[in-house]
Each structure stands twice: as structure tokens, then as C-alpha cells.
Amino acid sequence: MTVNISRRNLLRGAGVAALGATVAGWATGCSSVPVGGPATGASSNLLETAKSQGFIRVGIANEPPYTQVSADGKVTGCEPDVLRAVCKRLGINDVQGVITPYESMIPGLNANRWDVIAAGLFMKESRCGQVLYSEPVIVSTESFATPKGNPKGILTVADILADKSLKVAVLPGGFEEGVLKTANVPTSQQVKINDGRSGLEALKANRADAFMLPTLSLTALAKDDASFDVTKPVDDAPRTGSGAAFRKSDTAFHEAYNEELAAFKKTPEFAAILTKWGFDATVVEGVTAQELCQTAG
Ligand code: 6CS
């Protein structure tokens, strides 16, 4: 089952995005839902609340293959598809999504605008201190998009650091921005962009020499735009991964979700979802949230 967001609400939500940080159109199994949608709010028993009302609200981006929102609002992508499957096994039939920038995901979760994040929000120390991550679903790599032929020879974060004239586009509050900060790349060498497309526009306009994003996100963008190259995975960016993220107060849900996720990860359906979106399900085997939460930043 995929979930839908009405085009009207997605567009109405865009107005909100222009003003604030979140497109508030809800994605649901219904054809249209009022912007903002019914709130589950923080509850001592989110699992029972979500089961009784038949849905849980999820913060998502729109960055294939991690998350994907099609023109008619269908919310899929690797993480929402795994979330939906595990929630069904918990007795929660629907998942309602709201699109928001990565930097707003945790604040929105803790402000009860949604109840879980399933967006490929990569685990790292500072995030693991603010939310309860499930065990990882995805382990993935980072790459640079560069102009064809990579004229500046940018392959690592060290290459950016070594040449003060180089500029790299990154999402504000994103994992890549944290990698650059940890490596002491000055903000003067960073170009903040809002999404994949604007990162590529920065390259085309010579405002940036490289654009840092997960490898699979860049290869997904390259399917529609042949104007850039994607480097091999950046070997001085930390390995990390992602899973669902819950409020610290939702310990019961987190525990129940992890138990059901562990069982689901043993099924062919789990591997099929990851393969469908270009991930290798074997890479996450044996990797723990505790390990990934050691990632600096
Ligand atoms: O965790 C993050 O912030 C990053 N995750 C993805 C899937 N894309 C870019 C973003 O910066």
C-alpha cells in the first residue's frame, strides 16, 4: 500500500514551506486530508494511539531512493516502505507523511508535528542524543557530484580542505554539512542549497565546484540529468546509516518497533524493499545503532 498526498494539499503546503520549513500537506491512504492532518500528539502510549486511529505520522524528505514523493503524492522510498511494512505488523494500517527539510526533522518530531522520522536521517552522536533510533535499515556512502570530468579533481573532503578556492554545496543541517564541519572546512567554502536539484544548479552556475550528497541520491539524480559526474564513495566521510527515529519519550513504541523490525529484517520482503531502491540488504547485517551513533558530529 502506498500513501497519497493530495496535490492541492501538497501545493497548499508549499506556501507553508515558503514561510516556514515544512510542507504541511499530509500523505495518507485517503485521496485528500486537511493540511496539518489529525495529530496524534505525544502520548505515553503512541503504539495504542496509532493502532486505534489507524495511522502514524512520519517526517520525510523527498530524496530518492531514501524517500520519494511522486507528482500525485504517493510516499514511498526505502525508509517509508520499511516503516509501513513494520507498522502493519504492529497493527498500524496507515502511514501519513509530511515533507520537511532534514534540519527540521528532529525539531518537528519533538514538537509533535509527526511521531516518527523515516527519511534516511543518518545516525551520528548529536542526533542520537536527541531521538531514539531504531536499529539500522540502511548503511550507505557519500559522494560528490562534480562537473563532467571532475575538472578540479575533487574526490575527498581533504581535497576541499586543501584548496581554499574550492566550494562545496551541502544541505543546511544535513549529515554532509556535519562531515565538513568535523573536518574544519570553513563555511566560506560551503554553498547552502535546499535540495538535490538546487545542488546541481549550483554546479551548473559555477557557484560550487562539488555537491556532497549520498551516493545513491546522486546516482538517482543523474538518471534525469547527464550534466554531472558522481565520484566513487568519499573515503574520508564516515560510514553511517539510518533507521526510524522516535521521540525519547516513546520508549515503548521504540522497543516494540525494534522487536518487529528484527523479525522483518529476516524476511525476503525486507531484502526486496532494499533491492527495489538500490540498496544491498546484506550491508546492514550485524550493524547496530549503537555503533553508528558513535559517528562524530
Ligand atoms: O542524514 C542526512 O542529513 C542526509 N540524509 C540523506 C538521505 N540525504 C542528505 C541528508 O543530508
Among 232/265; 204/248; 181/266; 51/181; 192/265, the pairs whose Cα-Cα distance exceeds 30 Å are 204/248; 181/266; 51/181; 192/265
Nothing charged except the Cβ atoms of Lys and Arg (+1) and of Asp and Glu (-1): what's the magnitude of the dipole of segment 168-297 about its Cα centre? Round to the nearest 20 debye. 240
List, in order, the whole-Hz ³J(HN,Hα) value for each residue of segment 127-143 obtained from phi through the Karplus relation with A = 6.51, B = -1.76, C = 1.60 and θ = phi - 60°; use x for Gly and Pro. 6, 5, x, 10, 9, 9, 7, 6, 4, x, 9, 10, 10, 8, 10, 10, 9
Percent relative contact order of segment 119-268, based on C-alpha pairs within less than 8 angstrom and at least six residues apart? 43
If you line up the long axis of helix 251-264 against the longest principal axis of the chain, both from Cα atoms, how many degrees apart are they, to the nearest 10? 80
Could you sort 121, 132 by accessible area so the largest value comes first, with the probe set to 1.4 Å? 132, 121
Out of all Cα-Cα pairs in segment 139-179, roughly what percent, to the nearest whole number, are more than 14 Å apart? 51
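Can you tell me what share of the DSSP beta bridges in the chain is antiparallel? A percent to the nearest 5 is fine.
Working: 20 of 33 bridges.
The antiparallel proportion sits near 60 percent.
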Here the percent of antiparallel bridges among DSSP beta bridges lying wholly in segment 142-230, to the nearest 5, is 60
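Could you state the per residue volume, in Å³, of the convex hull enclosing the Cα atoms of the chain?
119
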Residues whose built amide H sits under 5 Å from the amide H of residue 133, excluding neighbours closer than 5 in sequence, are 246
What whole-number distance in Å separates the alpha-carbon centres of segment 85-109 and segment 161-223? 27
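Semi-axes of the equivalent ellipsoid for segment 142-230, please: Cα gyration tensor eigenvalues, times 5, square-rooted, ordered largest first, whole Å.
18, 14, 11
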Charge dipole magnitude, Cβ of K and R +1, D and E -1 - the chain, Cα centre, debye nearest 20: 720
Given segment 53-131, what whole percent of its Cα pairs are spread farther than 15 Å? 54
Beta carbons within 10 angstrom, averaged per residue: use that to sort the peptides 252-261, 54-63, highest first. 54-63, 252-261
Computed over segment 140-297, protein heavy atoms only, probe 1.4 angstrom, the accessible area per residue in square angstrom equals 47
For n ≥ 4 DSSP H runs only, could you compute -39500 (n - 2.57) per run for the chain, divide by its residues and tell me the 222 nm figure to the nearest 500? -9500 deg cm²/dmol
Have a look at 46, 216, 144 and report the one farthest towards the positive end of the charge dipole of the chain, computed about the Cα centre with Cβ charges (Lys/Arg +1, Asp/Glu -1). 46
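Whole number please: convex hull volume per residue, Cα atoms of segment 108-174, in Å³. Present the calculation step by step, with values, prior to reporting the outcome.
On the way: hull volume 9.5 nm³, N = 67.
Each residue corresponds to 141 Å³ of Cα convex hull volume.
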Tell me, what % of the accessible area of segment 111-246 is carbon and sulfur with a 1.4 angstrom probe? 53
What percent does the relative contact order of the chain come to when contacts are Cα pairs within less than 8 Å and at least six residues apart? 23
Derived scalar couplings ³J(HN,Hα) [segment 85-102; Karplus, 6.51 cos²θ - 1.76 cosθ + 1.60; whole Hz; x for Gly, Pro]: 5, 6, 5, 4, 5, 8, x, 9, 7, 10, 10, 9, x, 9, 7, 8, x, 4
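The values are calculated or read from the model by the stated rules, or taken from the named source; none is laboratory data. What you see is a predicted model; the values in this text were computed from it and never measured. All Cβ positions, even for glycine, are placed from backbone atoms using ideal geometry, and neighbour counts span all protein chains on display. These area figures cover heavy atoms from the full protein model, side chains too; ligands, DNA and RNA do not enter into them. Shrake-Rupley method; radii C 1.70, N 1.55, O 1.52, S 1.80 Å.
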